[in-house]
């Protein structure tokens, strides 16, 4: 696949500028907390070298505490290697592939990484990556997220960082005030604040920050987008959302996915004998991190965000549709077969729909069953039908709603549809264009770019388009990447890409 394909999509938000940054074997930069010393490296296929500053402290936090800014240091600080990941939680073998090789883990983990072209320059566009992992695992130093090629070929400043996940990032203890429970989201905000204060020292322009993320990283991007009110000034000017959104959540109500309950915390405390007259919070603060991780993995305890009206907006979908949030242009998209990775092992359509469609009228279920007939060429088995349902209700159709709500609110919105399959990258036969499969291509060596002011190479979503209409004529405004191994971008109509999304609309819009 030629480099144009993925770079074209990213370049809608990138502003390439000429200039240079001092190059040396040991590049140095002075930021607001002190001097740092990085390292230099070459990038295959590029004449531009890269300066890397890895493991820069941007914050610190005690367990279950709100993060604070990093303290200044004296003398040059060595930033030539990644620091430990935050404590991670894995639920199955398929997710553990995002942990090979396994990094060192620590609660001292709030570090940020900056990669820049070695050529002297200033006012470069900044791209800040938020990793996925279901808000249960992940780290900014994972090899798949190496931004060297992006920095070299796109002439941008690339930033990644660690944020806390699982119980360490989202404890939801009743002993914590509501505004202090989404610690992982607060870590993300502190990192973005660090970028605003310091990115100029690396040749970046703090007014040209694009945030982008995949899966839970995309959830996080959407949480940021929908938590800044209209006419506010978020610490970013554009956003890219890959296979995830928080506004609809892929379920009848995201509150069912992330209920405001402390029951999971109480289960953890009870298992570790931190109940009774003592404070469970104080008790768990003293417990070895390894003991906590063992319990949450063995008992499959999921700790997720709570609606605090600060970092997570309970009315995100409504506020976007009603233009009550900051106007930030987005590029969003999905992979063709997201669900095959997620629902591996499920082989009963009826049982799947029983769980999914609680409270929905019978006619909704009948229409959905008719749209995914098992036994034909498209869905030869129950697994194939369930996988496509999961793709569309969990990821694709919600992303379509977000993209169209953004456009109809008067904010620019582009969509892509990734449909390139490489069998030798699949974890099991027939995994297809699976969830996260676009990431290695985005981070690969792809030097071609488009005019960033002209969009990614296809139309923005038309603000006059009626979503899920009957006879309305949809614009050609979805760019399909990687179809049939092709090198270019095929432009599709939304009515074709979203053919079954009309069936899921009442399910996804139920929260209104």
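Please treat every number below as a calculation from the coordinates, not as lab data. Keep in mind the model is a prediction, meaning the values are calculated, not measured. Please note: Cβ atoms are built from the backbone with ideal geometry, for glycine as well, and neighbour counts cover all protein chains shown.
Remark: relative contact order (region 57-156) = 31 percent; criterion is Cα-Cα distance under 8 angstrom and separation of 6 or more residues. Across region 49-76, the residues whose backbone nitrogen lies under 14 Å from the label position 7 Å along the beta-carbon direction of residue 35 are 73-76.
Fewest-first ordering of 334, 210, 267 by other beta carbons within 10 Å of each residue's beta carbon gives 267, 210, 334.
Each peptide in 406-415, 215-224 was scored by the mean count of other Cβ atoms within 10 Å over its residues; highest first, the order is 215-224, 406-415. Computed on the Cα atoms alone, the convex hull of region 36-143 gives a volume of 147 cubic angstrom per residue.
For region 282-383, rounded, prolate or oblate, judged on the Cα gyration tensor with a ≥ b ≥ c (square roots of eigenvalues), a/c < 1.5 rounded, else prolate if a/b > b/c? Taking the square roots of the gyration eigenvalues as a ≥ b ≥ c, region 282-383 is oblate. Approximating the spin labels as points 7 Å out from Cα along Cα→Cβ, the residue 493-to-residue 294 distance works out to 6.0 nm.
Comparing region 142-289 with the 2.2 N^0.38 Å rule of thumb, its C-alpha radius of gyration ratio is 1.25 (two decimals).
Kirkwood Rh, Cα Rg: Rg to Rh for region 328-378?
1.06
Legend: P(r) of region 117-198 from all alpha carbon pair distances, 10 Å bins from 0, whole percents, reading 17, 39, 28, 12, 4, 0.
What the pair-distance distribution of region 301-447 shows, using all Cα-Cα distances binned every 10 Å from zero, is 10, 29, 34, 24, 4, 0 percent.
Taking N as the number of residues in region 282-333, what is its Cα Rg relative to 2.2 N^0.38 Å?
1.84
Using C-alpha pairs under 8 Å with a sequence gap of at least 6, the mean separation divided by the residue count of region 176-235 gives a relative contact order of 29 percent. With contacts taken as Cα pairs under 8 Å at a separation of at least 6 residues, region 200-355 carries a relative contact order of 32 percent.
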